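Here the structure is laid out as structure tokens; the discussion comes afterwards.
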Amino acid sequence: MKAVLYQVDAFADRVFEGNPAAIMPVEGAWPSEAVMLALAAENNLAETAFFAPEGEGDDEGFRLRWFTPTLEVDLCGHATLATAHVLFTHLGYDKPEIRFETRSGRLIVKREGDKLAMDFPAAKPKPYPEPAEIIAALGARPSLWMKTANLMAVFGSAGEVAALKPDFAALGKLLTPLNAGLIATAPGEGAGRGEGPGIDFVSRFFAPAHGIDEDPVTGSAHCTSVPYWSKKLARKDLVARQISARGGTLWCRDAGERVVIRGRCADYMKAEISF
């Protein structure tokens, strides 16, 4: 079989920034799960997204699925943003918003100026007991632990988060029974001031249990970090920066039970694949 494949850098102002995702439109019957996993492994990116039209009229939308190189996941922000970019930019989708049906329910992406805005369910974190073994694998002790589907370690400064050098083999073994990733986060230089282009909070995301030691930019993790920092900083609108080696910026809003995450995309590649 042959198919078109796009590679897009999400949460990026230019190529080589943000988080790369492979995007594959599905024509006709869906490939088997085994084939989609094999394609995701072959792409060797954090996520490969597959989408196909679903519904008609007022219910017109797309079925969207996300795969890491090792498993299908329930939610992926950057690959959703990249998929919407492909539809709007390359496939002629001309409605103001796109509806995606996913394992996490309906997700909506809209154009907002030069950004795309995703509406995701909030995942409000709750306090979590200090996990001594994970602290050892992380190599640093945060001031606070929280948890939803993922663990979240809150540090006092962006420098502490930037300096983390986890033992990924050990961390992966400890996170696997929890089926979780780990968000490391801290206030940024713009925290609480709401002025200029200041960054309100920073983060990194580690997911060795899911085959990704460090994800460059993780939209879904902000479903957890945005509600926390919104309450902490007493602000609804926040600018976040994921400080991985590639880095990426997210413009976010705490909307109660939802989180709005905005970002830009940059095209890297369009290819024809055979499988």
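The values are calculated or read from the model by the stated rules, or taken from the named source; none is laboratory data. Bear in mind the structure is a predicted one, so any value in this text is a computation, not a measurement. Positions of Cβ are generated from backbone atoms using ideal geometry, with glycine treated the same way; all protein chains shown enter the neighbour counts. Only protein heavy atoms, including side chains, enter the accessible area calculation; ligands, DNA and RNA are left aside. Shrake-Rupley method; radii C 1.70, N 1.55, O 1.52, S 1.80 Å.
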Suppose we keep only residues that are in a loop (DSSP other than H, G, I, E, B) and among the acidic types (Asp, Glu) within segment 1-18. Which one would you say is surrounded by the fewest Cβ atoms within 10 Å (Cβ to Cβ)? Asp13
Going through segment 63-78 in order, the residues found to be closer than 16 Å to Met118 by Cα, of a type in the set (A, V, I, L, M, F, W, C) and touching a helix residue (DSSP H, G or I) at 6+ places or on another chain (Cβ under 9 Å) are Leu64, Trp66, Leu75
For residues that are closer than 17 Å to Met1 by Cβ and in a strand (DSSP E or B), scanning just segment 31-50, find the one that is nearest to the chain's Cα centre (by Cα). Thr48
What are the residue pairs meeting all of these: first residue in segment 165-180, first residue more than 19 Å from Ser203 (Cα to Cα), second residue not aliphatic (A, V, I, L, M), Cβ atoms under 6 Å, and 6 or more apart or on different chains? Leu174/Glu133
Being at pLDDT 95 or above and touching a helix residue (DSSP H, G or I) at 6+ places or on another chain (Cβ under 7 Å) is the requirement here; does Phe205 meet it? no
When restricted to Ala52, Ala123, Ala79, the only residue touching a Cys at 6+ places or on another chain (Cβ under 7 Å), touching a residue at least 24 places away in the same chain (Cβ under 8 Å) and open to solvent by less than 80 Å² (accessible area, probe 1.4 Å) is Ala123
Hey, any hits in segment 78-86 for a residue that's assigned to a helix (DSSP H, G or I) and touching an Asp or Glu at 6+ places or on another chain (Cβ under 6 Å)? yes
Mind listing whichever residues of segment 126-158 are surrounded by fewer than 13 Cβ atoms within 10 Å (Cβ to Cβ) and free of Cβ contacts under 8 Å to residues at least 12 places away in the same chain? Ala132
Scan segment 214-225 and give yes if some residue there is farther than 15 Å from Ala158 by Cβ, of a type in the set (S, T, N, Q) and at pLDDT below 95, otherwise no. yes
So, in segment 61-76, exactly how many residues are open to solvent by 10 Å² or more (accessible area, probe 1.4 Å) and either small (Gly, Ala, Ser) or more than 17 Å from Asn43 (Cβ to Cβ) (or both)? 4
Out of curiosity, is Arg111 over 15 Å from the mean Cα position of the chain (by Cα) and among the basic types (Lys, Arg)? yes
Filter segment 208-242 for residues that are hydrophobic (A, V, I, L, M, F, W, C) and in contact with a strand residue (DSSP E or B) (Cβ under 7 Å, 6 or more places away or on another chain) and give the result. Val217, Ala221, Cys223, Val226, Trp229, Leu238, Val239, Ala240
Output the strands (runs of 3 or more DSSP E) that fall wholly within segment 165-252 and possess 2 or more residues being open to solvent by 50 Å² or more (accessible area, probe 1.4 Å), or say none. 212-215, 237-242
Which residue pairs have Cβ atoms closer than 7 Å, lie 6 or more positions apart in sequence or on different chains, and pair a first residue in segment 33-49 that is under 16 Å from Arg63 (Cα atoms) with a second residue that is assigned to a helix (DSSP H, G or I) and among the polar types (S, T, N, Q)? Ala49/Thr83
